[in-house]
Amino acid sequence: MNQPIDIRPLEEADFSRFIDIQREALASAPELFGSDYDWFESLSLLSIEQRFEKYQNFPSNYLLGAFTSSGSIVGMIGFSCESHLAKLRHRGKVWGLYVSTEMRRQGLASRLLETVIETARDVMGCEQIQLSVSKHNEASYALYLRLGFVVYGTDIHAMKIEDGYVDEYLMVKFLR
Ligand SMILES: CC(C)(COP(=O)(O)OP(=O)(O)OC[C@H]1O[C@@H](n2cnc3c(N)ncnc32)[C@H](O)[C@@H]1OP(=O)(O)O)[C@@H](O)C(=O)NCCC(=O)NCCS
């Protein structure tokens, strides 16, 4: 049976667990994220802490985590909305979705994304959510389609990696 998983925004006390899952994500899926492992490892603890603090503003800018009963983070997603800007506050962005390998195919990414979508719509009053996904990331692409996102464009050569480029689909979900 699947173990109970608590979904909640990350708080100050989650800092070291945040570092653990961030390291794991960047090491295991380097071609899927804009940030890379070496860059993350080169940051000072203070700089990581400052970045982390920026995302402790629920419900406009936050990291949502999936926590086991022992407190480990086994999944995470980021949400940002420029809620202070009148012309931009109708849309939000999600990024950095990751679920630990051993916890996949149990609906965790869906729960994280659905929670973000509901909060953006019902609490923030957002009208749309945007995201980007590597063209070859079939698992995530299938997940986003399943949750109602549609492709509105392609970002050609969105990332440059050692042996070439990665194109990304730009996707949106309209909330009303
Ligand atoms: C993509 C990812 C977040 C999915 O997490 P997950 O918790 O396993 O996803 P869910 O269990 O909620 O799956 C929901 C649906 O997504 C799709 N999906 C998920 N993993 C899939 C896979 N490996 N192959 C094909 N479809 C997949 C399926 O439609 C699935 O529904 P189903 O299980 O009923 O078939 C996870 O595989 C991951 O962290 N990958 C590496 C990082 C990454 O790609 N991040 C996204 C960057 S844009």
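The values are calculated or read from the model by the stated rules, or taken from the named source; none is laboratory data. Quick caveat, the model's predicted, so the values are computed rather than measured. Cβ sites come from the backbone with ideal geometry, for glycine too, and all protein chains shown count toward neighbours. For the accessible areas, the whole protein counts, side chains as well, though only heavy atoms, and no ligand, DNA or RNA atoms are used. Shrake-Rupley method; radii C 1.70, N 1.55, O 1.52, S 1.80 Å.
Computed quantities for the displayed model
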item: Gain on full stretching of the segment that runs from residue 138 to residue 155 - 0.36 nm per residue minus C-alpha separation; result: 4.5 nm
item: Accessible area in square angstrom per residue, the range 6-174, 1.4 angstrom probe; result: 55 Å²
item: Cβ charges +1 (Lys, Arg) and -1 (Asp, Glu), total dipole of the range 74-176, debye; result: 360 debye
item: Solvent-accessible area of residue 51 with every protein chain in place, 1.4 Å probe, in Å² to the nearest 10; result: 110 Å²
item: Backbone N within the range 77-95 under 17 Å of label point (7 Å from residue 20 Cα along the Cβ vector); result: 77
item: Residue-level accessible surface for residue 141, protein heavy atoms, 1.4 Å, Å²; result: 60 Å²
item: 11 Å reach of a label modelled at residue 114, 7 Å along Cα-to-Cβ, counting backbone N of the range 141-176; result: 147
item: Under 20 Å from residue 135, Cα to Cα: lysines that are on another chain or at least 8 residues apart; result: 93, 160, 173
item: Dipole moment magnitude, nearest 20 debye, the chain about Cα centre, only Lys, Arg, Asp, Glu C-beta charged; result: 760 debye
item: Apportionment of accessible area to carbon and sulfur, the chain, percent (1.4 Å); result: 48 percent
item: Solvent-accessible surface ranking, highest first, for 54, 173, 160 at 1.4 angstrom; result: 160, 54, 173
item: Paired Rg and Dmax values of the chain, which use every Cα atom, in angstrom; result: 15.9, 47
item: Spacing of the two label points (7 Å from each Cα toward its C-beta) at residue 146 and residue 127, in nm; result: 3.0 nm
